[in-house]
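The values are calculated or read from the model by the stated rules, or taken from the named source; none is laboratory data. From a predicted model like this one, the values you see are computed outputs, not experimental measurements. Here the Cβ is made from the backbone with ideal geometry for all residues, glycine too, and neighbour counts use every protein chain on show. Areas reflect the complete protein model, heavy atoms only, side chains present, ligands, DNA and RNA absent. Shrake-Rupley method; radii C 1.70, N 1.55, O 1.52, S 1.80 Å.
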2 protein chains.
Amino acid sequence: MIFSPSITRLIEAFRRLPGIGPKTAQRLAFFILSMRKEEVEDIARALVEAKKKVRQCSRCFNLTEQELCSICRDPRRDAGLLCVVQEARDIYVIEKTGQFNGYYFVLHGALSPLEGIGPEELKISTLLQQIRQEKIKEVIIATNPNVEGDATAFYIAESARPLGVKVMRIGFGLPVGGDLEYADELTMSRALEARREIL
Amino acid sequence: MIFSPSITRLIEAFRRLPGIGPKTAQRLAFFILSMRKEEVEDIARALVEAKKKVRQCSRCFNLTEQELCSICRDPRRDAGLLCVVQEARDIYVIEKTGQFNGYYFVLHGALSPLEGIGPEELKISTLLQQIRQEKIKEVIIATNPNVEGDATAFYIAESARPLGVKVMRIGFGLPVGGDLEYADELTMSRALEARREIL
């Protein structure tokens, strides 16, 4: 027995999301069909609107609905501190610790020669320019604790050191091979406290 | 730090789905924002279209895009057999066994006096009418093995028996491939009750 075409399309739509297997996709699809029409349209609108409105901050490449993100618009932050993260979502993990009050720089990825992701794709030259121009004293590299994240951290450290800036790596309290997104607040706090100079 | 309004709405949209906690909702939201605009619109369209096109089969209340569902349209099935299920998705679980070739009746719920769900809400009078008119010989009740499902099965059995039809309940016991050590008392009780002679 086969699902009707639009149920199949709905299941396939859910399957495209990360961590959603065939069974979950099926369950979500049937749940959608059990909701009121207005609720479903509401969800669909939330998807399209978010994608339409949200763009990258022109300064740090965090996600925002304005020219500058809410962090870059905040003048009370420490302009001497810059934290480099792989993804915009990582900012929220760090912000939740309440231990960092500098600014961020979102790479939107990590170096990966196999996937053709080099320094250009991660806007590392823009990062170095900011470090040079904006009186930054300390750069904390909070890329993921895995091969790509470490390689990216090392590359940035090598490039930034000649600029006379202190380059730090978040501490390993994070489980190696893990993903920053899933870190709990305490582990993330420890990692911030235990940061060390890379070279 | 707060997410931007449309990111918040997107996270809240995912939170409305079953089994999606705050972390998963956040992860899915950021994934959506990382997708191409066309892909997101595609998913949104799949939601709205499915909800618009899919309705209940006028005969068995399964989900379909036509007047009758694909099972009710199939004349090769055994018209003497009717399987009663709580939800449309349960049909797919039974169909996958390839062991049932009768028709279905979807209650879209189970009796629950506390939630105000009585026989009327489950269209049980329509079910009884079909049993009476359509030469059904055997009704298999496949509602869930819990208080509501059992009560519903009992209610249908009591109502259908006077119509001279054989009313059956699906078998309960240990799940195949399971381990006796981990069986809960209720399942074990049911398994003992349902014992059969080996040869």
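Key figures for this structure:
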| item | result |
| --- | --- |
| Cut-off under 5 Å, modelled amide H: who pairs with B:VAL167 long-range | B:VAL139 |
| Area of A:SER70 that stays accessible when all protein chains are in place (1.4 Å probe, Å², to 10) | 50 |
| For chain B: accessible area per residue (Å², 1.4 Å) | 59 |
| Choice from A:ASP90, A:ASP42, A:ASP150 showing the highest fluctuation, given a GNM over chain A with Cα pairs closer than 10 Å | A:ASP42 |
| Amide H partners (placed H, <5 Å) of A:PHE172, local residues excluded | none |
| Label-to-label distance, nm, for residues given as A:GLU193 and B:ARG195 (7 Å Cα→Cβ offset) | 6.0 |
| Interface A:B - total buried accessible surface [probe 1.4 Å, Å², rounded to 100] | 4800 |
| Residue-by-residue Karplus 3J(HN,Hα) for region A:96-107, coefficients 6.51, -1.76, 1.60, Hz, glycine and proline x | 5, 6, x, 9, 10, 10, x, 10, 10, 9, 9, 6 |
| Principal-axis tilt of helix B:22-34 within chain B, Cα atoms, nearest 10 degrees | 60 |
| The protein assembly as shown - share of DSSP beta bridges that are antiparallel (%, nearest 5) | 25 |
| Exam field: A:PRO5 pseudo-label spacings to other copies (7 Å along Cα-Cβ), nanometres | 3.8 |
| Helix B:147-160 vs. chain B, principal-axis angle (Cα, 0 to 90°, nearest 10) | 40 |
| Gyration tensor verdict on chain B (Cα atoms; rounded if a/c is under 1.5, prolate if a/b is larger than b/c, oblate otherwise) | prolate |
| Entries of A:LYS23/A:LYS51; A:LYS51/B:LYS52; B:LYS96/B:LYS166; A:LYS135/A:LYS166; A:LYS53/B:LYS51; A:LYS37/B:LYS53 with Cα pairs more than 20 Å apart | A:LYS23/A:LYS51; A:LYS51/B:LYS52; B:LYS96/B:LYS166; A:LYS53/B:LYS51 |
| On Cα atoms only, tilt of A:37-53 relative to the major axis of chain A in degrees | 30 |
| Highest-MSF residue in chain A out of A:LEU63, A:LEU28, A:LEU163 [GNM, Cα springs under 10 Å] | A:LEU28 |
| Cα gyration tensor shape for region A:5-53, rounded if a/c is under 1.5, else prolate or oblate | oblate |
| For region A:60-138 and region B:123-199, distance of Cα centres in Å | 60 |
| R0 of 51 Å, Cβ-Cβ distance A:ASN101-A:LYS23: FRET efficiency to nearest 0.05 | 0.70 |
| Copy-to-copy label separations for A:GLU115, where each label sits 7 Å from Cα toward Cβ, in nm and ascending | 4.2 |
| Accessible carbon and sulfur surface of region B:5-53 relative to its total accessible area, %, 1.4 Å | 52 |
| For region A:60-74, 3J(HN,Hα) per residue [Karplus equation, 6.51 cos²θ - 1.76 cosθ + 1.60, θ = phi - 60°, Hz, x = Gly/Pro] | 10, 6, 5, 7, 7, 9, 10, 4, 10, 6, 5, 6, 5, 7, 8 |
| R0 of 22 Å, Cβ-Cβ distance B:VAL147-B:THR126: FRET efficiency to nearest 0.05 | 0.35 |
| Cα gyration tensor shape of the protein assembly as shown, rounded if a/c is under 1.5, else prolate or oblate by comparing a/b with b/c | prolate |
| Solvent-accessible area of A:ARG55 with every protein chain in place, 1.4 Å probe, in Å² to the nearest 10 | 110 |
| Amide H contacts of A:LEU111 (H built 1.01 Å from N, under 5 Å, at least 5 apart or other chain) | A:THR152 |
| Per-copy distances of the A:PHE31 label point, shortest first, in nm (7 angstrom along Cα→Cβ) | 1.3 |
| Residue-wise HN-Hα coupling along region A:172-179, computed from phi with Karplus coefficients 6.51, -1.76, 1.60 (Hz; x: Gly, Pro) | 8, x, 6, x, 5, x, x, 10 |
| B:VAL176-B:ALA157 pseudo-label distance in nm [points 7 Å out on the Cα-to-Cβ vector] | 2.4 |
| Relative contact order (percent, whole number), region A:82-137, Cα cutoff 8 Å, 6+ residue spacing | 31 |
| Computed helical MRE - 222 nm, the protein assembly as shown, DSSP H runs ≥ 4 contributing -39500 (n - 2.57), nearest 500 | -13000 deg cm²/dmol |
